[in-house]
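Inspection log for the structure reproduced underneath, given as structure tokens.
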Amino acid sequence: MTESSPPNSPDPDDLLRPAIRKLKPYASARDEFQGTGEVFLDANENPYQSPANRYPDPYQSELKAELRQLKTIPEGQLFIGHGSDEVIDLLYRAYCEPGQDKVLLFPPTYGMYRVSADINAVSILQIPLRQDNFQLDLEAIRPHLHDRTLKLAFVCSPNNPTGNCLDQADILTLAREFPGLVIVDEAYIDFAPEKSLLRLTERPPNLVIMQTLSKAWGLAGLRLGLCIADPRIIRALNKLKPPYNIGSLEQAHALQHLRQPEIQASQVRGLLEQRKWLAAELSKLDKVEAVLPSEANFLLVRFERPLEVYHFLAGKGIIVRDRSRLVPGCLRISVGLPEENQALIYALNQMPHEESVVH
Ligand SMILES: *Cc1c(COP(=O)(O)O)cnc(C)c1O
């Protein structure tokens, strides 16, 4: 990725809200002095309670160095948010003028894209994924692409809740024709690493990739979301973010995990095996109409009567996600520990057939 854009690709800096283009960001104590010192009297910290008494590194240099090496990301192209949710919000605030600009969404998909748009008073254009395969419907999308108020488009791959990856050629076509930034949310990509757009050597400068440590890395509680993008986009996000958006304990804890990637890899292998087992077992059940193919750590499962199943399971203490308003008939089931997955299948087998229910 270079900083010069191909002729028809938008310059990310031209897409910025004027207020953000003009913004002079807060300069923290750690911005103003970055060398090594021994006596730090510049940030009004309490000198006791080491190590949490000190403000964290505002740019998470060590953590980024580890991630950049692990994922082969060039310098200046990685941003870390307080979860992907912060990255999503910052993208809206950097690029979408409230009450004026629009975002393009492809339902059924992750709910935060809409919530964050609503919070930021950004109107939403929805073009549903194709019903037959949950892929982008480029024919339906194209007529809208001349709209210059479309600043962002969120593509989720593997998609939550459908579980499939979106076709890479379609995403690149969209990026080529879209007037704003195309954000590809790869929250589940560690379960299908060969499908990551990060592997492309040439990415259009308006293509933004989000990943997270919340899923395959098992660190949802730390709140660490990654954004990999053109340096101009990374600079904009850095300008906008709260100065100390990632705590020092979180940075240290994440580093420890990232330095043992073989543990994550073996957990991912185990979860993929469990997904296969769970899909096979679910398919054997009469009450299951379909188990959708998944490239993530969850299965979208269609039932004849999803709400009955949902409440029956909840009564047994097994909580799944009702997604039937997004995809008719469907519950979303995360792949858990082997014994949890067995408990789910056991419970489903116990569920009475309708005929035997006493009314
Ligand atoms: C779980 C998930 C995330 C992760 O969000 P964090 O804020 O990083 O925990 C992002 N996108 C999608 C589609 C998800 O399902």
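We did not get these values from a lab; they are worked out from the coordinates using the rules stated. Note that this is a predicted model, so its numbers are computed, not measured. Virtual Cβ from ideal backbone geometry, glycine too; neighbours counted across all protein chains shown.
Decide, for the chain, between rounded, prolate and oblate: order the square roots of the alpha carbon gyration tensor eigenvalues as a ≥ b ≥ c, take rounded if a/c falls under 1.5, and otherwise choose prolate if a/b is larger than b/c, else oblate. It is oblate, given that a/c is not under 1.5 and a/b is not larger than b/c. Charged side chains reduced to their Cβ positions (Lys and Arg at +1, Asp and Glu at -1) give the stretch 248-359 a dipole of some 240 debye around its Cα centre. Computed over the chain with a Gaussian network model linking Cα atoms closer than 10 Å, the most mobile of Ser283, Ser294, Ser157 is Ser283.
Within the stretch 257-332, the trypsin sites (Lys or Arg not before Pro) that combine a DSSP coil assignment with at most 13 other C-beta atoms in a 10 angstrom radius are Arg259, Lys284, Arg325.
Extension gain, Arg142 to Leu255: 0.36 nm times the residue separation minus the Cα-Cα distance gives 36.4 nm.
For the pair Ala29 and Asn349, a Förster radius of 45 Å applied to the C-beta separation gives a FRET efficiency near 0.15, rounded to the nearest 0.05. In whole angstrom, note down how far apart the Cα centers of the stretch 259-292 and the stretch 84-154 are. Here the answer is 30 Å between Cα centres. When you restrict to C-alpha pairs under 8 Å that are six or more residues apart and normalise by the size of the stretch 193-280, the relative contact order lands at 22 percent.
When the stretch 1-89 is described by a simple charge dipole with +1 on each Lys and Arg Cβ and -1 on each Asp and Glu Cβ, the residue from Leu23, Asn46, Ala65 located farthest towards its positive end is Leu23. Loop-located trypsin sites (Lys or Arg not before Pro) in the stretch 72-166 (DSSP state not H, G, I, E or B) with no more than 12 neighbouring Cβ atoms inside 10 Å: Arg148. With contributions of -39500 (n - 2.57) from each DSSP H run of at least four residues, the per-residue ellipticity at 222 nm computed over the chain stands at -10000 deg cm²/dmol. Modelled spin-label separation between Phe40 and Leu285, with each label point placed 7 Å from Cα along the Cα-to-Cβ direction: 5.2 nm.
In the structure displayed, which of Lys71/Lys102; Lys24/Lys241; Lys64/Lys241; Lys151/Lys239; Lys64/Lys276 lie more than 23 Å apart, Cα to Cα? The pairs that break the limit, which is 23 Å between Cα atoms, are Lys71/Lys102; Lys64/Lys276. In plain terms, the chain from Glu97 to Trp277 could stretch by 60.1 nm, reckoned as 0.36 nm per residue minus the Cα-Cα distance. For the stretch 21-67, the dipole from Cβ point charges (+1 on Lys and Arg, -1 on Asp and Glu) about the Cα centre works out to 400 debye, to the nearest 20. Measuring nothing but how far apart in sequence close Cα pairs (under 8 Å, 6+ apart) lie, relative to its length, the stretch 126-263 scores a relative contact order of 16 percent.
Between Gly247, Phe33, Ala290, the Cα set farthest toward the positive side of the dipole of the chain (charges on each charged residue's Cβ, about the Cα centre) is that of Phe33. Rounded to the nearest 20 debye, the dipole magnitude of the chain is 320 debye, with +1 charges on Lys and Arg beta carbons, -1 on Asp and Glu beta carbons, and the Cα centre as origin. A Förster distance of 35 Å, applied to the separation of the beta-carbon atoms of Ala52 and Ala121, puts the FRET efficiency at 0.45.
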